[in-house]
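Step one of this worksheet: look at the structure below.
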Amino acid sequence: MVRKIKSKKRTSSSTKDLTIHFMPYSEIAHDNTIEKIKKILGIVLQNKIIILQGRLKPEEETKLIENTMTLIGNIKGFQGIEIATLSNDSEHRGLFENIRRNIARILVGERDVITIIGPASIVKEIKKNPKKIELMLRRR
Amino acid sequence: MVIRIIRSFAKRIFSAILRRKGKIKLGFYGPPNVGKTSLANRICQDWLGEDLGEVSRIPHETRKVQFKEKVLIEKNGKKIEFTLIDTPGIATKVDFENFMKFGMKKKEAQRRAKEATQGIIEAIKWLDDMDAVIVVLDATTNPYSQVNITIIGNLVARKIPVLIVGNKIDLKRANIKKIEAAFPEYDVVGISAKTGKNMDEFYESLFKLVKKAK
């Protein structure tokens, strides 16, 4: 009986600890690569999961990985990040729709994409297939 | 800043010299434990009779970029000389406690983790210097990982030709169709670096890849 109560308490405290930070595209739209990465890692290091409207460029993603690797071992308990992007890229569209989407991307960025970034100490794994993302969290 | 410019200039000159001599710098990229070194070893064994590097079931066995020069591959009467560049597996996280599950002591595991993180940074830095890249994936796992997408996206942005290799097709769980569906714009070859299965098709695709690099 005592055990049951203890486990209930633990569940409720770990639920409290989990913070999801929604980052609208406008928050990083005018930042350069270094500023974007600083912002993202700053939030991740607070043990928060970011849901970013939009995506990083491939070069920015590699810079994010490089910076993450530099932090592992230098910040206690930091094991790295989990990241996944969900978009409609795999869908087959007509020529007109593709042109429309490309113009929209140039004008306002990729807002029909979401990127999830979280600390590996909290996000155990992100299971992804083309149309869905499953976040597997660690029990703490 | 000045050192970085000099280093980049020197790398460019080195690349230009190698290319003029008809040598292709072929990089092996991918996540850890997919069989990059196993494939590089298979190629080296096929054409030189020796290995390039050590392999292990423990992730991040390759923690430094390693080379094998003057690998002369012949296919259908054509010969091409390669410099094979095997890179550490790219990951977004490295946890030393995972290495301890393989029986490593804490200090050894921590050292391996530190070297692994440095290896990942080194692998990323080398992306600019490749003439063509083989992206090796494990055909038994989900190909939609962000690391795979990031590596391929970076190669495309740098206009470096890519061949995707689905390794471990000797295993029952292997699913090459899933990799093809995930990356429909790229050539995908399924092989087993361990058994040598489908290596003929791999060399065929490698020669096609080289044409794009020239």
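Note on segment A:23-46: among residues that are in a helix (DSSP H, G or I) and among the acidic types (Asp, Glu), the one that is nearest to A:THR70 (Cα to Cα) is A:GLU35. What do you reckon, is B:VAL133 surrounded by 19 or more Cβ atoms within 10 Å (Cβ to Cβ), at pLDDT 95 or above and away from every other protein chain (no Cβ under 13 Å)? Spelling it out, B:VAL133 is indeed surrounded by 19 or more Cβ atoms within 10 Å (Cβ to Cβ), at pLDDT 95 or above and away from every other protein chain (no Cβ under 13 Å).
Restricting the first member to segment B:91-103 and to residues that are more than 7 Å from chain A (Cβ to nearest Cβ), and the second to residues that are among the polar types (S, T, N, Q), the beta-carbon pairs closer than 7 Å and six or more apart or on different chains are B:PHE96/B:GLN110.
Looking at segment B:187-209, can you tell me whether even one residue there is over 17 Å from the mean Cα position of the chain (by Cα), within 27 Å of B:PHE67 (Cα to Cα), surrounded by fewer than 20 Cβ atoms within 10 Å (Cβ to Cβ) and of a type in the set (A, V, I, L, M)? No, there is no match, as no residue in segment B:187-209 is over 17 Å from the mean Cα position of the chain (by Cα), within 27 Å of B:PHE67 (Cα to Cα), surrounded by fewer than 20 Cβ atoms within 10 Å (Cβ to Cβ) and of a type in the set (A, V, I, L, M).
The number of residues in segment B:154-182 that are crowded, with 18+ Cβ neighbours inside 10 Å and over 15 Å from B:ASP138 (Cβ atoms) comes to 6. When each of B:LYS78, B:LYS106, B:LYS101, B:LYS125 is tested for being charged (D, E, K, R) and either closer than 18 Å to B:GLY27 by Cβ or buried (at least 18 other Cβ atoms within 10 Å of the Cβ) (or both), the lone residue that passes is B:LYS125. A residue that is in contact with a Phe, Trp or Tyr (Cβ under 7 Å, 6 or more places away or on another chain), within 22 Å of B:ASN175 (Cα to Cα) and at pLDDT 95 or above can be found somewhere in segment B:29-36. Restricting segment B:138-173 to residues that are more than 15 Å from B:ASN33 (Cα to Cα) and in a loop (DSSP other than H, G, I, E, B), the residue that is farthest from the other protein chains (Cβ to nearest Cβ) is B:ASP170. Scan segment A:58-84 for residues that are facing another protein chain (nearest Cβ under 7 Å), more than 15 Å from B:ILE121 (Cβ to Cβ) and of a type outside the set (D, E, K, R) and the total you get is 4.
The values are calculated or read from the model by the stated rules, or taken from the named source; none is laboratory data. Since the structure is predicted, the reported quantities are computational estimates derived from the model, not experimental observations. All Cβ positions, glycine included, derive from the backbone under ideal geometry; neighbour counts span all protein chains shown.
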